[in-house]
Amino acid sequence: MKQSYDIVIVGSGIGGLSTLLYLSETSIYKEGKLSICLLVKGALNQTNTSWAQGGIAAVKALGDNFEKHINDTLVAGAFTNDKKIVEKVVNSSPDLIEDLIKWGVQFDKKNNGEFDLAKEGGHSDARIWHKEDQTGKDIQLSLINKINDLANVTIYEFTTLINAKKTTKNTFIIQLFDNKNFFVNNLICSKLVLATGGIGGLFEKSTNQQNATGDGIYIANKLGATIENLSFIQFHPTGLYQEGNVSFLLSEALRGSGAQLKNEKEEVFMYKYDERLDLAPRDIVSRAITSEINLQKLPHIYLDATKIDPIIIDTHFPNIKKECFDRLGINIQKELIPVVPVQHYSCGGVKVNEYGETAVSGLFAIGEVAATGLHGANRLASNSLLEAIAFAKFSIQALTNNLNPHLLLDTDIETNTLLKVEKSEIQKIISSTAGIVKSNEGLNKAMYQLLEIKSKAIECAEFSLSNYEANCLLETAILLIQDAINQKENKGVYFNVDLI
Ligand SMILES: Cc1cc2nc3c(=O)[nH]c(=O)nc-3n(C[C@H](O)[C@H](O)[C@H](O)COP(=O)(O)OP(=O)(O)OC[C@H]3O[C@@H](n4cnc5c(N)ncnc54)[C@H](O)[C@@H]3O)c2cc1C
């Protein structure tokens, strides 16, 4: 196994793979002078990116313009976004779509050959580029096809980043765990890119992959990077009401096509909460649903998609139709769908500058793991795939600058001591205290319980992936609750009854 690389990228979602593809377009790579390693905890396609449904936002339609997309992003983020970053990302969006098309992504077109752009909650115009209701799957597969052609790139699947240390020579020693053959290995690199995705594993119900356990937050925090706004968790208003940790998502695009939220009497209710009705930003819709759930006797409300033209359902939402039938036997063209808000997206994360670099020089965070300033206190729908590819592109010059030509693995890195903790215990604490509606008492109780778990846990006798993930969750949970306690006002997705 080669032990030194110029750049190590951790994660194979849109963040990791587009960073790799942009690197492959640089002259230093083309001259054969750049060695890159891609590490992935699971299979290449086991990502949240694969599950993205609605699409990716970018201005294109006549009548739409950058100012409108910028304003929609700022309104959703409760004007706490970094306006310069919002402008930079939105202004780049048409070029980023061109890059995806160049890499093989096939966005849906209308019969007249024009791209079929959809409208989602919080967007003032139709600007969502999509592929049916499985946009992420097409993006993921296209990027995987493209990276498979690359030379000078080593790819390790089923290999988890478990520790990292910065050396005095401005390099990183990183430690990996081979999840299939159960051995630990070390590498050295000049630049380390964390593209490790979200933190859905912290919650009992999430739309995320089960492997979204906050590993990047854990490693970045250990290395001394700044972690910001971790309590800004977006709940998706319409997760399918079903058993298990992972809740199937019913894309906002369904409501964009006319589906309506209804209570147990089959009455619409969004008019009581916001003039934008069912297409108000997600935080408002999620809180409205929570309020309706508290008023009625059912643990869920309904989404009524029966009025949508059957041709639209079959052409735009074939997968949602199939999944609702396979999972709950529901025919969405004839029956109401039971839905609840579920954890969906982490708006905060590892703080980065406009080039994706953290406070630790040489350490980058790209994609959902990062806090770039784009989302502020709430993410506008379909802005996260955009953010990931945007920062992948913005990072390339800084990533390829000042590479250390003498990479020698001459110091060791200790293996983490893992505590024996249960994922389900952490999920229960976080779900009951750091959900859509928080309180000071709940947050203080959560912090007490998490610190008690940490102080009383015994050490694990041996290293395992699930123990490692549980430790990442515990540390991330503590950071999240601390951030929630530090918030001084309600904004965007953050809502604490004691701050009203
Ligand atoms: C159901 C669903 C629908 C969504 N729909 C949309 C949408 O329509 N539009 C939109 O913009 N956004 C959407 N999102 C959000 C968006 O998909 C994600 O924010 C985005 O895909 C994140 O990309 P990423 O590259 O940051 O992470 P991911 O795609 O989640 O990839 C993370 C990668 O990191 C790897 N990894 C993690 N930890 C380690 C470790 N320790 N060692 C090695 N590898 C590691 C994982 O194995 C994985 O390869 C949706 C999310 C979900 C869950």
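Throughout, read-outs are computed from the coordinates displayed, never taken from laboratory work. Treat the numbers as computed from the prediction; the structure is a model and nothing was measured. Note that we place each Cβ from the backbone using ideal geometry, even for glycine, and neighbour counts take in every protein chain shown.
Stokes-Einstein diffusion of segment 354-441 at 4 °C, 1.567 mPa s viscosity, Kirkwood radius from Cα pairs, rounded to a whole number: 76 µm²/s.
Give me D for segment 351-395 in µm² s⁻¹, whole number, from Stokes-Einstein with Rh from the Kirkwood sum over alpha-carbon pairs, 4 °C and 1.567 mPa s. The calculation lands on 124 µm²/s.
Translational diffusion coefficient of segment 279-352 (Stokes-Einstein, Kirkwood radius from Cα pairs, 10 °C, 1.306 mPa s): 110 µm²/s.
List the lysines whose Cα lies under 17 Å from the Cα of K146, skipping any in the same chain that are fewer than 8 positions away. Cα-Cα hits under 17 Å: K30, K102, K137, K393. In a reduced charge model with +1 at each Lys and Arg Cβ and -1 at each Asp and Glu Cβ, segment 352-423 shows a dipole moment near 300 debye about its Cα centre.
Since only L385, Q427, T417 are under comparison, the one whose Cα sits farthest along the positive direction of the charge dipole of segment 343-459, derived from C-beta charges on Lys, Arg, Asp and Glu, is Q427.
The equivalent ellipsoid of segment 231-298 has semi-axes of 18, 15, 13 Å, largest first, where each one is the square root of 5 times an eigenvalue of the Cα gyration tensor. Size descriptor for segment 74-144, Kirkwood hydrodynamic radius: 13.8 Å (Cα pairs only, one decimal). With charges only on Cβ, +1 for K and R and -1 for D and E, what is the dipole size of the chain about its Cα centre, in debye, rounded to 20? Dipole of the chain, to the nearest 20 debye: 360 debye. Going 7 Å from the Cα of S424 in the Cα-to-Cβ direction, what parts of segment 247-265 have a backbone nitrogen less than 18 Å from that spot? Answer for this model: 247.
Is the shape of segment 313-411 rounded, prolate or oblate, going by the alpha carbon gyration tensor and its root eigenvalues a ≥ b ≥ c, with a/c under 1.5 for rounded and a/b larger than b/c for prolate? Prolate is the answer for segment 313-411, as a/c is 1.5 or above and a/b outweighs b/c. Residue pairs exceeding 30 angstrom between C-alpha atoms, taken from K119/K445; K180/K322; K262/K428: K119/K445; K180/K322. Each of W103, W129 has some number of other Cβ atoms within 10 Å of its Cβ, and from fewest to most they run W103, W129. Between S439 and K265, the modelled labels are 2.8 nm apart [label points 7 Å from Cα along Cα→Cβ]. Model label points for F325 and S455, set 7 angstrom from Cα along the Cα-to-Cβ axis, are 5.6 nm apart.
Calculated over segment 168-307, the projected area of the Cα convex hull averaged across directions stands at 12.2 nm². Normalised by residue number, the volume inside the convex hull of the Cα atoms of segment 1-40 is 58 Å³ per residue. The alpha carbons of segment 17-67 give a radius of gyration and a Dmax of 16.7, 45 Å, in that order. For segment 300-343, the extents of the C-alpha atoms along the principal axes are 29, 20, 19 Å, listed from largest to smallest. Considering only P341, A220, T47, and ranking their Cα positions along the charge dipole of the chain that arises from unit charges at the beta-carbon of Lys, Arg, Asp and Glu, the one farthest toward the positive end is A220. Within segment 242-282, which residues have the backbone N less than 18 Å from the label spot 7 Å out from L298 along Cα→beta-carbon, could you tell me? Counting backbone N atoms under 18 Å from the label point, the list is 242-243, 248-251, 255, 259-272, 278. The mean of 1/r over all pairs of different alpha-carbon atoms in the chain, once inverted, gives a Kirkwood hydrodynamic radius of 23.0 Å. Taking a quarter of the surface of the Cα convex hull of segment 1-147 gives a mean projected area of 10.8 nm².
Note on segment 131-232: Kirkwood hydrodynamic radius from all Cα pairs is 16.2 Å, rounded to one decimal.
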